[in-house]
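The values are calculated or read from the model by the stated rules, or taken from the named source; none is laboratory data. In this text the structure is predicted, and so the values were computed from the model without any measurement. As a convention, Cβ positions derive from the backbone with ideal geometry for all residues, glycine included, and neighbour counts pool all protein chains shown. Keep in mind that these areas ignore ligands, DNA and RNA; they rest on the heavy atoms of the full protein, side chains included. Shrake-Rupley method; radii C 1.70, N 1.55, O 1.52, S 1.80 Å.
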Amino acid sequence: MTNSTKNQNNQTVILIEHAEAVKQYEKKPDIEIWAAFNRGDEKAFNYIYRFHATAMFEFGIQITNDIGVVQDCIQNIFIYLRRKRGELKEVHSIKAYLFKSLQREIIRKLNKIKSNESKNIDSFEDSFQIELSHETKLIQLEIETEKTLLIEDALNKLTTRQRQAILLLYKEGMSYKEIAEVLEFSEVKSARKLIYRALDSIKSIIETKMFGSHK
Amino acid sequence: MKYNEYKIQHFLSDEFFIQWVVSPDDDNKHFWEKWLSEHPEKRKTVQSAAAIIKAIRYKKNLELSDKTYIDTFENIIKHDHSETDRLQKKSSSSWYIFFSMRKIAASIFIGLICWLGYSVISKSTEEPALTSEISYTTKKNPFGKKSMITLSEGTVIYLNAGSEIKYPREFSDSSRNVTLTGEAFFEVKKDGRPFIVKTDNKIIHVLGTSFNVNQSYTGDVSVALVSGKVRINDELGNQVLLDPKEMLVMKADGGFYKTEFDPLEIIGWKDKHLIFNRNTFEEVKMKIEKWYGVEVKLKGKIKPGWTYTGAYENETLENVLEGIKLTSGFNYKINNKTITISTY
């Protein structure tokens with residue numbers, strides 16, 4: 001009992017610390033936060049962890065069901081980054097950088113476990129499944145559940161990479177530039193093309209399903 | 001292509017449009033609201049595109065638990081300490097984990113102290129025994145009983161009925177932490193160390209001040225400040241500062257607001273003032289049960305909109321019930337610890 005109380009107090013203190021860090025850094029651009037972290041500023045690190053750990057976890061479990069692997073990979077990335085402080089390169093989007101690192105790390109780890117060689121996210125066929133939440137807006141627009149299910153179905157027939165790009169664009173609110181970084185494209189226009197092609201293949205469903213009942 | 005030629009898939013791939021839907025700011029809001037008012041015929045298309053963007057989420061829905069969040073963080077920090085320790089000396093593994101844990105605790109507390117502008121980092125870095133063995137005292141009041149507790153450093157705590165407080169026999173050198181369930185009034189002795197009250201995932205952080213904390217039976221938590229300054233953090237990272245005469249109410253559903261408060265109504269209980277201020281029957285029942293340690297039963301129906309207002313100072317249960325009877329016409333019967341109120 002003594003031990004659990006001690007842990008609780010520690011947790012309390014960590015949560016306070018992280019809330020402090022958010023207050024100090026939330027309005028600052030990523031490049032500045034990253035530079036502060038690189039200089040050894042612990043508050044900048046707390047902020048980065050507080051702001052991105054949860055999203056990284058959510059993103060990571062889309063690749064694998066193994067929660068332990070995701071947790072280990074997140075941990076290893078931050079341990080690595082802390083060790084490299086002082087010599088880190090400039091980062092413009094911390095989120096894109098961390099997502100890219102996490103995806104790489106998870107795939108590397110899974111390959112080690114299963115001893116197969118799959119570098120490409122497209123070989124993870126079940127990863128990045130999309131769900132259309134049926135609440136709020138779609139209901140207000142009188143779009144019925146079965147129609148949203150059809151759209152959802154069409155989205156889930158896309159390639160893993162296309163689904164991933166769509167989730168990064170809409171769910172994570174990333175720019176094409178950031179998506180290109182996560183997907184390790186050398187050019188931003190590749191990310192654009194990926195989205196265009198994905199939307200192209202579902203546009204007939206979206207158009208008829210969204211407007212069918214209003215004609 | 002111009003926006004007025006856009007079809008739904010064009011909106012769905014337009015970065016500037018998506019940005020407005022996902023993270024609206026002054027710039028994009030201004031642009032799109034103006035554009036929409038000039039192109040009303042596009043409203044339906046725009047709404048549909050926005051609805052799709054907003055509805056898309058991961059099918060696999062698993063959140064990082066607080067525990068994993070903290071554990072992972074601690075592992076990361078522990079790692080760079082263990083790295084340096086390993087270089088310095090080859091010590092047994094359990095020792096260096098223990099040692100580095102202490103350093104983490106120390107560095108975090110130092111962070112807090114700096115924020116407060118205090119410099120009492122005195123002897124906290126020597127004996128490892130400090131953080132390892134903390135024994136706690138728990139004080140619990142049943143319904144019908146209130147108590148006053150004076151802590152070793154001089155802080156006075158009034159603990160209301162049906163409440164519990166837990167604190168270490170001896171506080172650490174760097175902070176004073178207590179855990180509260182229910183309601184208590186604190187007169188914190190200022191001594192340089194922050195005083196932290198934890199209740200239901202809310203953290204109240206103070207230095208030399210007096211304030212009331214109440215976790216109600218509905219799950220709301222309110223903090224009313226009489227003097228000094230307090231800071232409240234919740235588990236979502238929200239933070240609120242209170243000035244004297246302000247009260248923060250945190251609803252069970254996560255919403256919160258600041259308000260003024262009537263000191264007699266909110267903290268009169270510690271001086272034996274039982275106050276009803278336009279209370280519903282349910283609230284009156286709860287207050288009486290808590291105050292006198294009895295059970296209140298209702299026979300008959302309460303008119304919708306019925307409330308009761310009244311103030312009593314150190315009164316017997318009978319006198320309070322007489323007072324309620326006088327204004328409301330209710331009858332009551334006391335049978336040992338059970339009160340039956342009838343509305344006819």
Inset, instruction - Could you pull out every residue, at least 5 positions away or on a different chain, whose amide H is within less than 5 Å of the one on residue B:136? Hs are placed 1.01 Å off N in the peptide plane, and Pro or chain starts have none. - result: B:169
Legend entry - Distance between modelled label sites at residue A:85 and residue A:122, nm, 7 Å Cα→Cβ extension: 4.1
Inset, instruction - Order these peptides, A:96-104, B:137-145, by their mean beta-carbon neighbour count within 10 angstrom, highest first. - result: A:96-104, B:137-145
Legend entry - Separation in nanometres of the label points that stand 7 Å from Cα toward Cβ, at residue A:207 and residue A:42: 5.9
Inset, instruction - Could you rank the peptides A:155-165, B:334-344 by their average count of other C-beta atoms within 10 Å per residue, with the highest value first? - result: A:155-165, B:334-344
Inset, instruction - For the A and B pair, go ahead and give the buried accessible area with a 1.4 Å probe, both sides summed, in Å² to 100. - result: 6500
Inset, instruction - Starting from the Cα of residue B:311, step 7 Å along the direction of its Cβ; do the same at residue B:298; then give the gap between the two resulting points in nm. - result: 2.7
Inset, instruction - Report the FRET efficiency, 1/(1 + (r/R0)^6), for residue B:29 and residue A:66, where r is their Cβ-Cβ distance and R0 is 51 Å, rounded to 0.05. - result: 0.80
Legend entry - Overall form of segment B:3-55 per C-alpha gyration tensor (a/c, 1.5; a/b vs b/c): oblate
Legend entry - segment B:272-342 pair-distance distribution - Cα-Cα, 5 Å bins, rounded %: 4, 16, 31, 31, 15, 3, 0
Legend entry - Solvent-accessible surface (1.4 angstrom probe) belonging to residue A:33, in square angstrom, nearest 10: 0
Inset, instruction - Once you have a ≥ b ≥ c as the square roots of the Cα gyration tensor eigenvalues for segment A:1-119, tell me rounded if a/c is under 1.5, and otherwise prolate or oblate according to whether a/b is larger than b/c. - result: oblate
Inset, instruction - For segment B:134-265, just say rounded, prolate or oblate: build the C-alpha gyration tensor, square-root its eigenvalues into a ≥ b ≥ c, call rounded for a/c under 1.5, and beyond that prolate if a/b exceeds b/c, oblate if not. - result: rounded
Legend entry - Long pairs among A:171/B:2; B:2/B:59; A:43/A:157; B:140/B:202; A:109/B:202, criterion Cα-Cα beyond 32 Å: B:2/B:59; A:43/A:157; A:109/B:202
Inset, instruction - Please find the FRET efficiency linking residue B:273 to residue B:172, where r is the Cβ-Cβ separation and R0 is fixed at 30 Å, and quote it to the nearest 0.05. - result: 0.25
Inset, instruction - Could you state how much accessible area residue B:200 has, in square angstrom rounded to the nearest 10, with a 1.4 Å probe and all protein chains kept in place? - result: 80
Legend entry - Those residues of segment B:45-61 for which accessible area with every protein chain present is at least 40 Å² below the isolated value (1.4 Å probe): B:48, B:51, B:52, B:55, B:56, B:57, B:58, B:59, B:60
